[in-house]
Amino acid sequence: MFEIRDVDGKGKGLFATQPILKGTCILSETPVLTVPASPSLQDIEDLWLHVTHLPDEQRQAFEALSTCHPYDNNFTKYLNIVRTNSYSVRDGAGGICLVASRINHACDSNAQHTWNDRLGKITVYALRDIAENEEITTNYMGCGRTRQERQAYLKKIYKFDCACELCSLPTALNEAADRKLLRTRKLWSYFQVGDGHTRHLANPLQRLRRLEEIAQHWAELGSSTQMHDANLEAAALALSHSDVARGSVFFGRAYASYILAHGDNDQIARDLRARLQDVTKSVCYGQSTRWQTSIDDVPSEKSPDIFEMWLWKKERYRSTTTLSVDLQDRSTFLGIGGLPTEGLFDLEYHQDASIGQSNPKRHWCFMGEIKDMATPKGQLQLMVKDIDNHVTGIFFHDRHKGANVSRLFKKNETVVVLYAQRADSDAGPVVKVTGTNVVKVRSYSIDIPFAATESSILQSFPFPIKSILLLQDRVREYATPHDNLRTCHGCAKEGSLSQKCNGCGLFWYCHSVRQSDPVHQGVDVNLLLFQTCQVTGWKDKDHQTDCKMLKNANVRSLFTFKWHEFKGPVRFPLPPQDDNVEELTNRAGKMAF
Ligand SMILES: C[S@@+](CC[C@H](N)C(=O)[O-])C[C@H]1O[C@@H](n2cnc3c(N)ncnc32)[C@H](O)[C@@H]1O
């Protein structure tokens, strides 16, 4: 199934000699020797003795293993071989396997190694389909670290700079990946506190939402260990509220994630299988009957989307989440590389072009930060860095060659172009603005003269892309309700908050008005609480800057517009739609701020 080959810059590595299917056990190997976690001098002497007594072939193979630390004699060489190559085995000891030790690391590895205590072997399972000649990799440190943390760890312990696909993402994508990871870590931290069995009793729907986000993220990263943990937690949550149907599905998923990486023959897999037979035997089962179902309530629904809606109880969620823009969604917010090409009607973006002309059938836009501006021969050219960090140009080919609109653009601002298409030039792909035909962005049968740029397909935002992305994160966290629960921007507590910033009307703060509101020395303490949280948000968390940005109708519309609902092409400022209207116009709860 595999062979050991030389790899540029990595020494040796394992390569698939045939396609390997996800879930396949690629190898299982008994360590030739083990060394305690913190070896004493005696252990090191034993190691030396052990190696010298190995059969010749094994000793030579051991001595040929790589070492990433310097050494000056066989004692330190052997110890360093152990430090570079050992797998964690029984009781935290390090085990050396002559074949498995040749497997290199990738943060987005296609395989996973684990110690199977029952077999006394290191096993390696394929986490996804592996193509013939693809390198087989495992992750030396597990998922869940930012790029900087991963690089620092690998450099410190294994002395190399990881250049896997995940570590090689362009800066903007990497920052987005790290932000998402930090958010998942924060969400998961909520599940690490609270009393074991009763922890799921309060706010179950909110907990389910968090678990959904966590599980989705780990699934995207293909991290089976974390998917197992998240699904097990979701099973415990469902079962606490007597939801046998969802509890069984989540438990089944936890089991599937586990055996994908570990196989089904260790003790944990056996225990999980036994528990799956009757999930009601779980210790958390039946503490409340709030979500009571039976196993027969698992829908026989074939559509995965609808099944997921049921599983995560999402009907209500959909209807109450209004600000859910995701500027990292690369089907809508595109860099130059992702734009449909002019003249080639891309059916993901355009309606049928059989008559030689086509209209958009969804919303999308190009985003770029202006790095330079020039007007050679009177033609306006903007050099921009797109959302994927690629530098490209926006060229104006309209009647005025862009001269009439050049005042609208400034360096370090972000230009957003609706329905942009990519045109090829001598200097590579560019976004081309051609008068009423708009940015090789055609006028699509809407006749808006290009000169009216302020209400056009092209809009300049007075902020760098990064500021817009960071603001988006805060909008998602503090301005987006989940099941009518909001997060106070000041103290991060969640609840049905009723006070929002009077400036932007989008960020929410603690304040609950009750009949029995205590009044202390003539001052409403809840009002004080609200004021304290809002002062914290305003000053310490710099809402004054965000508020200013969000008061800009165009910025605001970027976040509140329903990018996924297409009712025809639009122009800036993007129109509010349906239930966005409430968010945009309702300024209830005005306070003296
Ligand atoms: C367990 S060994 C892996 C097999 C090793 N390449 C060999 O030739 O035997 C760990 C060492 O391999 C190298 N290595 C592993 N993954 C790597 C990667 N992604 N990039 C560069 N070097 C890597 C590092 O030198 C590391 O210290």
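The values are calculated or read from the model by the stated rules, or taken from the named source; none is laboratory data. Please read these numbers as outputs of a predicted model, since none were measured by experiment. Every residue, glycine among them, receives a Cβ derived from its backbone with ideal geometry; neighbour counts consider all protein chains shown.
Odds and ends about this structure:
- The number of residues in segment 116-161 that are more than 15 Å from the ligand (Cβ to nearest atom) and in a strand (DSSP E or B) comes to 6.
- Taking segment 300-409 and the strands (runs of 3 or more DSSP E) fully enclosed by it, the elements with 3 or more residues that are modelled with pLDDT under 85 are at 391-396.
- Test: residue in segment 62-77 that is in contact with a Pro (Cβ under 8 Å, 6 or more places away or on another chain), in a loop (DSSP other than H, G, I, E, B) and crowded, with 19+ Cβ neighbours inside 10 Å: no
- In segment 48-77, of all residues being of a type in the set (A, V, I, L, M, F, W, C) and away from the ligand (no atom under 16 Å from the Cβ), the one that is farthest from residue 105 (Cα to Cα) corresponds to 49.
- Hey, residue 100 away from the ligand (no atom under 11 Å from the Cβ) and either surrounded by fewer than 18 Cβ atoms within 10 Å (Cβ to Cβ) or of a type in the set (A, V, I, L, M) (or both) or not: no
- Hits in segment 83-97 - residues which are near the ligand (Cβ under 10 Å from one of its atoms) and out of contact with any strand residue (DSSP E or B) (no Cβ under 7 Å at 6 or more places or on another chain): 83, 84
- Condition check for residue 31: over 27 Å from residue 134 (Cα atoms) and surrounded by 11 or more Cβ atoms within 10 Å (Cβ to Cβ): no
- Single residue of segment 83-97 satisfying the filter (over 18 Å from residue 158 (Cβ atoms) and surrounded by 13 or more Cβ atoms within 10 Å (Cβ to Cβ)) that is farthest from the chain's Cα centre (by Cα): 93
- Boolean, residue 44 is within 13 Å of the ligand (Cβ to nearest atom) and either assigned to a helix (DSSP H, G or I) or within 14 Å of residue 95 (Cα to Cα) (or both): no
- Flag if residue 39 is in a loop (DSSP other than H, G, I, E, B) and within 16 Å of the ligand (Cβ to nearest atom): no
- The residue of segment 162-183 that is farthest from the ligand (Cβ to nearest atom), among those that are closer than 20 Å to residue 473 by Cβ and among the polar types (S, T, N, Q), is 171.
- Filter result for residue 106 (on the phi < 0 side of the Ramachandran plot and within 16 Å of the ligand (Cβ to nearest atom)): yes
- Some residue of segment 433-448 being assigned to a loop (DSSP other than H, G, I, E, B), surrounded by fewer than 20 Cβ atoms within 10 Å (Cβ to Cβ) and modelled with pLDDT of 85 or more: no
- Residues in segment 46-61 that are in contact (Cβ under 8 Å) with a residue 12 or more places away in the chain and surrounded by fewer than 19 Cβ atoms within 10 Å (Cβ to Cβ): 48, 50, 54, 58, 61.
- Residue 23 away from the ligand (no atom under 13 Å from the Cβ) and surrounded by 14 or more Cβ atoms within 10 Å (Cβ to Cβ): yes
- Sole exception among (1) surrounded by 12 or more Cβ atoms within 10 Å (Cβ to Cβ); (2) of a type outside the set (D, E, K, R); (3) within 14 Å of the ligand (Cβ to nearest atom); (4) under 29 Å from residue 222 (Cβ atoms) for residue 80, by number: (4)
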